[in-house]
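Visitor: Just dropping this structure here.
The values are calculated or read from the model by the stated rules, or taken from the named source; none is laboratory data. Computed from a prediction, not measured in an experiment: that's the story for all the values here. Cβ sites come from the backbone with ideal geometry, for glycine too, and all protein chains shown count toward neighbours. Quick note on the areas: whole protein, heavy atoms, side chains included, nothing else; ligands and nucleic acids left out. Shrake-Rupley method; radii C 1.70, N 1.55, O 1.52, S 1.80 Å.
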Amino acid sequence: MKIAITATGHTIKSKMDNRFGRCSFFAIYDTERKQTEFLSNPGQASNEGAGPASVQFIVSQGVTRIISGEFGGKVKDILSGLNIQMIIHGKTNITIEEILNQISQN
Amino acid sequence: MKIAIASGKGGTGKTLVSTNLFNVISRQGQKVRLIDCDAEEPNVCEFIRGNVEEETLTMTHIPVIDSHKCTFCGNCQEYCSYNAIIMLPTIKTIRVIEDLCHDCGACVYACQYDAITEKEKVTGSITQYSISANADVLESQTEIGIYSPVPIIGQTINMAEADTLTFLDSPPGTSCPFIATVERADYVVLVTEPTPFGLNDLKLSVETLRKLKKEFGVVINRYGIGKELIEDYLNKEEIAVLGHIPFDKRIAETYAKGDLITDKYLQYSELFKKLHQNITKQLQR
């Protein structure tokens, strides 16, 4: 399974980005291969519809679960329609590394 | 000739100015029209009452994609500049995000497989009220749940006639609904008040109008309550002051009853005639 975490930068020391649609990067963690890759979010620069553009991008990568600080109204409808699980991480100011540790501990 | 009455800050007196200007001009027998462009919250008709002449529904077209005919070629999605189409070929999914659609028709044009048709969706209404033989009001109103009032504002202003003096009562703020209104105006009257909030939002409006290269002047409402903040700024920026409306309890009382100060007080009838003259002078410069 692939899990996407919204990230402010492209290393595991980067903080989680609290926004979904306009996040800078996605950290994509592959639970089988236990590997993380960082992809820059092309949806970020959209004038309108950054959320749906980001969904298009991230779901095309085969992601089925997304961790972020918040999800906008349009995105929630689309993601639930696609059976993609949205996880709102309550903690702000947390690094990607810390979230990855939490995932592996669970 | 289209003159927009706008302000950055809400509640500074746009509607007070637009309805009273309209009133003094229509009483003089000149052909005049007032368009309420605050489509999300029109209120001109609280002050000016007339008979409904015509009500038109405004529509938008939304693409409907037949997923059986769709080959997931991606053309429509590529043509869409608004991210209104999501396509995931791996799971054979294609969806339209209706709120993002701008009704440009590019997706229909892009599709070579006849998979896209369009449905109509009501976005709001335009109501024409006749006030007198020479004056009328157009009121734009968005339907509840419509994502943006911008298209209907444009459709309403497009009904203005070139030879009729037309006032556009703008939505507040400096975002898209404001821009949709002022960009279609030949001149803009900014209404402000001598408070720190008034000044802050006036600056934002001035910046926006300068970017749009629009001619404008300022009316100071509630004149007398504050320090000279506003006037210092206007002097420094060399912005024309078109008039001052004093801070007067009678104005608030009249407004709260839904009446017009230019009907009740000769002083204000004269003030608004003078304001009209000042605007006309600016237009002739």
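Visitor: I want to confirm something. Restricting to the range B:60-70 and keeping residues that are outside any loop (DSSP other than H, G, I, E, B) and open to solvent by less than 30 Å² (accessible area, probe 1.4 Å), which single residue is farthest from B:Gly124 (Cα to Cα)?
Guide: Looking at residues that are outside any loop (DSSP other than H, G, I, E, B) and open to solvent by less than 30 Å² (accessible area, probe 1.4 Å), I get B:Pro63.
Visitor: Right, something else. Can you find even one residue in the range B:71-85 that is at negative phi, within 10 Å of chain A (Cβ to nearest Cβ) and either open to solvent by 60 Å² or more (accessible area, probe 1.4 Å) or basic (Lys, Arg) (or both)?
Guide: Yes, the conditions are met somewhere in the range B:71-85.
Visitor: Next question. For A:Ser60, are the conditions met, namely being facing chain B (nearest Cβ under 10 Å), within 22 Å of B:Gly74 (Cα to Cα), surrounded by fewer than 17 Cβ atoms within 10 Å (Cβ to Cβ) and without any contact (Cβ under 8 Å) to a residue 40 or more places away in the chain?
Guide: Against the criterion (facing chain B (nearest Cβ under 10 Å), within 22 Å of B:Gly74 (Cα to Cα), surrounded by fewer than 17 Cβ atoms within 10 Å (Cβ to Cβ) and without any contact (Cβ under 8 Å) to a residue 40 or more places away in the chain), A:Ser60 qualifies.
Visitor: Would you be able to tell me the number of residues in the range B:19-58 that are in contact with a helix residue (DSSP H, G or I) (Cβ under 7 Å, 6 or more places away or on another chain), of a type outside the set (Val, Ile, Thr) and open to solvent by less than 10 Å² (accessible area, probe 1.4 Å)?
Guide: 6
Visitor: If a residue must be of a type in the set (S, T, N, Q), within 20 Å of A:Ser60 (Cβ to Cβ) and either within 12 Å of the chain's Cα centre (by Cα) or not in a helix (DSSP H, G or I) (or both), how many such residues does the range A:77-103 contain?
Guide: Going through the range A:77-103 one residue at a time, the tally reaches 2.
Visitor: Can we say B:Ala135 is open to solvent by less than 60 Å² (accessible area, probe 1.4 Å), within 21 Å of the chain's Cα centre (by Cα), away from every other protein chain (no Cβ under 14 Å) and at pLDDT below 95?
Guide: no
Visitor: Among the residues that make up the range B:37-44, is at least one of them at negative phi, outside any loop (DSSP other than H, G, I, E, B), in the same structural domain as B:Leu209 (by TED's automatic domain parsing) and at pLDDT 95 or above?
Guide: Looking for residues that are at negative phi, outside any loop (DSSP other than H, G, I, E, B), in the same structural domain as B:Leu209 (by TED's automatic domain parsing) and at pLDDT 95 or above, one finds at least one in the range B:37-44, hence yes.
Visitor: Next question. Can you tell me which residue in the range B:48-87 is nearest to the chain's Cα centre (by Cα), limited to those that are closer than 18 Å to A:Asn47 by Cα and not β-branched (Val, Ile, Thr)?
Guide: B:Tyr82
Visitor: Okay, moving on. Kindly indicate whether any position in the range B:177-197 is open to solvent by 10 Å² or more (accessible area, probe 1.4 Å), within 16 Å of B:Thr15 (Cβ to Cβ) and touching a Cys at 6+ places or on another chain (Cβ under 8 Å).
Guide: Yes.
Visitor: Continuing with this model, one more query. If you check B:Glu228 against the conditions, is it open to solvent by 70 Å² or more (accessible area, probe 1.4 Å) and within 23 Å of B:Thr280 (Cβ to Cβ)?
Guide: Here the answer is no, as B:Glu228 does not meet what is asked.
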